[in-house]
Amino acid sequence: MHLERKTPFVYQITLTPESFAAFDRHIVRRLSSMLGQYRDQVAYAAMLSLGDAIVYEVYEIARPEVAGELMTGLSIVHPGKVGDEYFMTKGHFHAVLETAEIYYCLRGQGYMLMETPQGDWALEELLPGNVLYIPPYWSHRSINTGDEKLVTFFAYPGHAGHDYATIERFGFRKRVVARNGKPTVVDNPLWRPPEER
Ligand code: F6R
Ligand code: ZN
């Protein structure tokens, strides 16, 4: 456990089975925890009836959740689709909106969909070697558009916290879906501008 450590430490993200043992927490998000997040509810129910597939996993190094600390770990989004919509994370704002985050893509291919509380949106590609800097105020959701796992390393301030409720209610302004086999950005009809919420 890294929580109490007061001296520097090293851990590996070589993605060998042994390297995962370094992490303190392993969170597994399955299809059943994504209720209401995918546009195609019929496809969602049909897929769930066949089994509760893993959509993504998070491995974390535990550190005190206070300003001055950094939370680090790995996010792994599995390949797959619900209807024509790619597997993705729930997505969140940081509870302390004035906190940034870094993602470094190690494997796979996909996108980070981002949005501000005012409704500005952005999409950036996640490819091995890409470092994505997410400034304060931008909510974020990773999306796997490839056919292997999308693996990213992340680092964010210890006191950031997470607000999932806003995204659970309205989703992101955009969705990334497959059209003719290619990732395509479409509007999310359930989204409402802040002044209409
Ligand atoms: C932390 C962060 C990542 C995500 C992870 C899973 O602030 O952005 O560690 O937590 O990619 O996504 P969510 O948290 O949206 O389920
Ligand atoms: Zn975050």
Handout entry: Lys, Arg +1 and Asp, Glu -1 on Cβ, resulting dipole of the range 102-188 about Cα centre, debye, nearest 20
Key = 200 debye
Practice task
Note the count of lysine pairs whose C-alpha atoms are less than 21 angstrom apart in the range 2-196, limited to pairs 8 or more residues apart or on different chains.
Solution key: 8
Handout entry: Amide hydrogen neighbours beyond the local backbone of residue 92, cut-off 5 Å, H modeled
Key = 140
Exercise for the section: Counting other Cβ atoms within 10 Å, keep those with at most 11, restrict to DSSP loop, and tell me which GluC sites (Glu not before Pro) in the range 22-106 are left. Expected result: 98
Exercise for the section: Roll a 1.4 angstrom probe over the protein heavy atoms and tell me the percent of accessible area of the range 1-114 that is carbon or sulfur. Expected result: 57 percent
Problem - Portion, in percent, of the accessible area of the range 115-197 that falls on carbon or sulfur, probe 1.4 Å - result: 49 percent
Exercise for the section: Tabulate in residue order the Karplus-calculated ³J(HN,Hα) for the range 36-53, using 6.51 cos²θ - 1.76 cosθ + 1.60 with θ = phi - 60°, rounded to whole Hz; enter x for Gly and Pro. Expected result: x, 8, 9, 5, 8, 5, 5, 4, 4, 5, 5, 5, 5, 5, 8, x, 8, 5
Completion exercise
Rounded to 0.05, the calculated FRET efficiency for the beta carbons of residue 178 and residue 41 at R₀ = 22 Å is 0.80
Handout entry: Mean-position separation - Cα centroids, the range 1-80 and the range 179-197, in angstrom
Key = 25 Å
Fill in the blank from the handout: Most packed first (mean Cβ within 10 Å per residue), the peptides 122-133, 168-179, 5-16 order as 168-179, 122-133, 5-16
Practice task
Please get the size of the charge dipole for the range 2-196, origin at its Cα centre, with Cβ charges of +1 on Lys and Arg and -1 on Asp and Glu, quoted in debye to the nearest 20.
Solution key: 320 debye
Fill in the blank from the handout: Spelling it out for residue 126: with amide H atoms placed in the peptide plane at 1.01 Å from N, the residues 5 or more places away or on another chain with amide H under 5 Å from its amide H are 110, 111, 112
Exercise for the section: Please give the net charge around residue 158, taking every other residue with its beta carbon less than 13 angstrom from that of residue 158, where Lys and Arg add +1 and Asp and Glu add -1. Expected result: -3
Practice task
Amide H neighbours of residue 87 under 5 Å, at least 5 residues apart or on other chains, H built in the peptide plane: list them.
Solution key: 80, 81, 82, 144
Exercise for the section: Keeping all protein chains in place, calculate the accessible area per residue for the chain (probe 1.4 angstrom), answer in Å². Expected result: 51 Å²
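The values are calculated or read from the model by the stated rules, or taken from the named source; none is laboratory data. Since the structure is predicted, the reported quantities are computational estimates derived from the model, not experimental observations. Backbone-built Cβ (ideal geometry, glycine too); neighbour counts: all protein chains shown. SASA here: full protein model, heavy atoms, side chains in, ligands and nucleic acids out. Shrake-Rupley method; radii C 1.70, N 1.55, O 1.52, S 1.80 Å.
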